[in-house]
Amino acid sequence: MSDARDLRGTLGIGDDGAFGIRFERLLGHPPERVWAWITEPERLDRWLPGCAIDARVGGEARFDFGDEGTATGTVTEVVPPGRSGLLVHGWSWEGVPDSVVRWQLEEAPGGTRLTLVHRELVPEPAVDFAIGWHVMLDALALAADGEPTDTVWDSVEEIAGLYAVELRD
């Protein structure tokens, strides 16, 4: 796996004035396979247990993190992958204004470019969400490659430190 510093998301204000997080990852699999890892319950459960995305407009996206909390949202846009794919859903987390998550898949040399954007955030929880998405995308990459994901969350402290440094700079 690449150095965690190379895989960091960027936090900031977009062209539309909304605060957000953006990740870009290159996965060594075609868009259809990456889509399956994000949307098929048995595959999603391998890298993100307790979570489900009903990938149809009006479907539910549910991210259950146990004691940490649960995010839910409604799927608002779906374009199943060919050369590209798109999945957009809401993100409702207790005590935080609602926001939007966008998964964009694009065919790229060597596989798929996955761009995940979580926008319309307030800055305070954005760093925590960035750390979470960073680790979840690490888990997705491992699972898609057939690697175990059971220790991926052990890197949370290291990754949190990287984001703390980025925000100080």
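Throughout, read-outs are computed from the coordinates displayed, never taken from laboratory work. These numbers were taken from a predicted model, which means no experiment stands behind them. With ideal geometry, Cβ positions are generated from the backbone for all residues, glycine too; neighbour counts draw on all protein chains shown.
Quick one: which residue in Leu140, Leu116, Leu105, Leu86 is among the aliphatic types (A, V, I, L, M), free of Cβ contacts under 8 Å to residues at least 24 places away in the same chain and in contact with a strand residue (DSSP E or B) (Cβ under 8 Å, 6 or more places away or on another chain)?
Checking each option against the conditions leaves just Leu86.
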Filter result (farther than 17 Å from Leu105 by Cβ and crowded, with 17+ Cβ neighbours inside 10 Å) within segment 20-45: Gly20, Ile21
Filtered residues of segment 94-111 (kept if under 28 Å from Pro148 (Cβ atoms) and touching a Ser or Thr at 6+ places or on another chain (Cβ under 9 Å)): Trp103, Gln104, Leu105, Glu106, Glu107
Residue match in segment 67-75 (condition: over 15 Å from the mean Cα position of the chain (by Cα), under 29 Å from Pro30 (Cβ atoms), without any contact (Cβ under 8 Å) to a residue 12 or more places away in the chain and assigned to a strand (DSSP E or B)): no
Filter result for Glu107 (touching a Pro at 6+ places or on another chain (Cβ under 8 Å), in a strand (DSSP E or B) and surrounded by fewer than 18 Cβ atoms within 10 Å (Cβ to Cβ)): yes
Out of Gly66, Gly59, Gly90, Gly73, sole residue that is loosely packed, with under 14 Cβ neighbours inside 10 Å and of a type in the set (Gly, Ala, Ser): Gly66
Residue tally, condition closer than 28 Å to Ala18 by Cβ and surrounded by fewer than 13 Cβ atoms within 10 Å (Cβ to Cβ), over segment 124-160: 1
Given (1) within 23 Å of Thr149 (Cα to Cα); (2) free of Cβ contacts under 8 Å to residues at least 24 places away in the same chain; (3) not in a strand (DSSP E or B), number of the condition Val57 does not satisfy: (1)
